[in-house]
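The values are calculated or read from the model by the stated rules, or taken from the named source; none is laboratory data. Computed from a predicted model, the values in this text were never measured in an experiment. Note that each Cβ is placed from the backbone with ideal geometry, even for glycine, and that neighbours are counted across all protein chains shown.
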Amino acid sequence: HFPRDLKWQTNDVTFRIVNYTPDLEKSDVDRAIRRALNVWSDVTPLTFKKLHKGIADIMISFGSREHGDHNPFDGPDGLLAHAYPPGEGIGGDTHFDEDEHWSKDSSTYNLFIVAAHELGHALGMSHSTEPSALMYPVYSYSTGYPLSEDDVEGIQALYGPNPNSRKVKPKPDAPDKCDPMLTFDAATELRGETLVFKDRFYWRLHPQIPEPEQVLIKSTWPSIPNKVDAAYENPEKDLVIIFSGIKMWALNGYNLVDGYPKYIHRLGLPKSIRKIDAAVHIGDTGKTLLFTDEEYWSYDEATGTMDRGYPRSIEKDFPGMNDEVDAAVYHYGFLYFFHEHVQYEYSYNSRKVMRILRTNSILNC
Amino acid sequence: GPVPSEDLDDWLLAEKYLRHFYDLPVGLQGRRGEPSGHFTAKIKEMQRFFKLKVTGNLDENTLDLMKEPRCGVPDVGEYN
């Protein structure tokens, strides 16, 4: 909340859209604003009445640079929008930077998501430190229900719950890297860094920086799904391949490669395979191992074909390992397999498990 | 020697960011290379907010985050 827990003294708040961005149809703007207000009215007794002239509690407008409130915007990116806490005059007013491009999808800044955040301020919410919260200050595109537990608790502390509607199921918070039961969705190298994917987030591990950085997948790659199944780096091609369901994306550094997504069956996997659990490239052999359920496949990067005689059993070929794999990376002759909350350090040369560690020991826990 | 321009850009970006979002008082940022105690304290406050490693230095993670598109409302205190 803002200092003194600023809030509207009535539950019936008025709003007015003073002008419109040329980036979207007027009806799209109206819809985005109404949806954003509904996010908050769904969980409180608040109601929002639209005015078409005169002064409303929440005056919504689009402007660029200095736009009349001595809090200038800064051109494209950077500051996207701002809003004032509840109160007389400018209180509650919400301004969007017209130098941004506003969209109704993930292509540029999604107006609904930014409006839901800014209208949270207009109702008395301040910023959240929870990366998964709607009121987190940094923009990130995501689909699905926008409010986290932190958001719901915050707004209901000001206005109480909605007496008429069922309890909503908030968006889950960010995964805790030191949760002893943490499991990984995927892991890969990327130009000397290690990326570990979990739910809608990934941790970025840099060899010289002990503390991993947690980032929303969508804030780096808006077009990649929120759930990554597997990933691997082919350093010879300077590419990282990301798998989700039956599709795969290619990254060159942090940029998406054109022509993707493609279907995983292009690699030579049978149509019966609907998901890859883990993937890892073995630099010494030029082979990429793809793990699905209790089996694995070997893909020859040079010829772009699946090796013959596969799939083979994981348990048989990697003695001492579990029979399924969540994620895998390869470092200097060692394969690191992650399965549930256990990490196996497997020597590729002597073909045996050398150490067993906790999964999140890689995250400086 | 001349200050490498990207260092100076980062310094100015950080100064503007901390003034806007963390209420760094004008004129109390010190000089690039000799940050004032105020400046260092505000960097730590921002690093704590974003759950970064609290170093008080303008390290890579901290600068990366300062460059992310975001809401214009400050992370601390009142906004009027």
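Given the condition closer than 23 Å to A:Val114 by Cβ, within 14 Å of another protein chain (Cβ to nearest Cβ) and either at pLDDT below 80 or surrounded by 12 or more Cβ atoms within 10 Å (Cβ to Cβ) (or both), answer yes or no: does some residue in segment B:37-45 qualify? Checked segment B:37-45: no residue is closer than 23 Å to A:Val114 by Cβ, within 14 Å of another protein chain (Cβ to nearest Cβ) and either at pLDDT below 80 or surrounded by 12 or more Cβ atoms within 10 Å (Cβ to Cβ) (or both). The set of residues in segment A:239-263 being surrounded by 14 or more Cβ atoms within 10 Å (Cβ to Cβ), touching a Lys or Arg at 6+ places or on another chain (Cβ under 9 Å) and in contact (Cβ under 8 Å) with a residue 40 or more places away in the chain consists of A:Val240, A:Phe243. Taking segment A:79-96 as the region of interest, how many residues are in contact with a Pro (Cβ under 7 Å, 6 or more places away or on another chain) and either modelled with pLDDT under 95 or more than 9 Å from chain B (Cβ to nearest Cβ) (or both)? Summing the residues that are in contact with a Pro (Cβ under 7 Å, 6 or more places away or on another chain) and either modelled with pLDDT under 95 or more than 9 Å from chain B (Cβ to nearest Cβ) (or both) in segment A:79-96 gives 1.
Within segment A:209-230, being away from chain B (no Cβ under 14 Å), crowded, with 22+ Cβ neighbours inside 10 Å and touching a residue at least 60 places away in the same chain (Cβ under 8 Å) holds for one residue alone: A:Ala230.
Okay, residues lined up against (1) surrounded by fewer than 16 Cβ atoms within 10 Å (Cβ to Cβ); (2) more than 17 Å from A:Gly120 (Cα to Cα); (3) within 14 Å of another protein chain (Cβ to nearest Cβ); (4) out of contact with any Phe, Trp or Tyr (no Cβ under 6 Å at 6 or more places or on another chain):
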{"site": "A:Asp5", "(1), (2), (3), (4)": "yes, no, yes, yes"}
{"site": "A:Trp8", "(1), (2), (3), (4)": "no, no, no, yes"}
{"site": "A:Arg16", "(1), (2), (3), (4)": "no, no, no, yes"}
{"site": "A:Pro22", "(1), (2), (3), (4)": "yes, yes, no, yes"}
{"site": "A:Val43", "(1), (2), (3), (4)": "no, no, no, yes"}
{"site": "A:Asp57", "(1), (2), (3), (4)": "no, no, no, yes"}
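Counting only strands (runs of 3 or more DSSP E) that sit completely within segment A:1-111, those holding 3 or more residues that are of a type outside the set (Gly, Ala, Ser) and farther than 30 Å from A:Thr220 by Cα correspond to A:12-17, A:47-50.
Among the candidates A:Met306, A:Met354, the residue that is touching a helix residue (DSSP H, G or I) at 6+ places or on another chain (Cβ under 7 Å) and either of a type in the set (A, V, I, L, M) or free of Cβ contacts under 8 Å to residues at least 60 places away in the same chain (or both) is uniquely A:Met306.
When segment A:62-73 is limited to residues that are in contact (Cβ under 8 Å) with a residue 24 or more places away in the chain and more than 8 Å from chain B (Cβ to nearest Cβ), the one that is surrounded by the most Cβ atoms within 10 Å (Cβ to Cβ) turns out to be A:Phe62. Across segment A:156-182, the number of residues qualifying as part of a loop (DSSP other than H, G, I, E, B), touching a residue at least 24 places away in the same chain (Cβ under 8 Å) and surrounded by fewer than 17 Cβ atoms within 10 Å (Cβ to Cβ) comes to 12.
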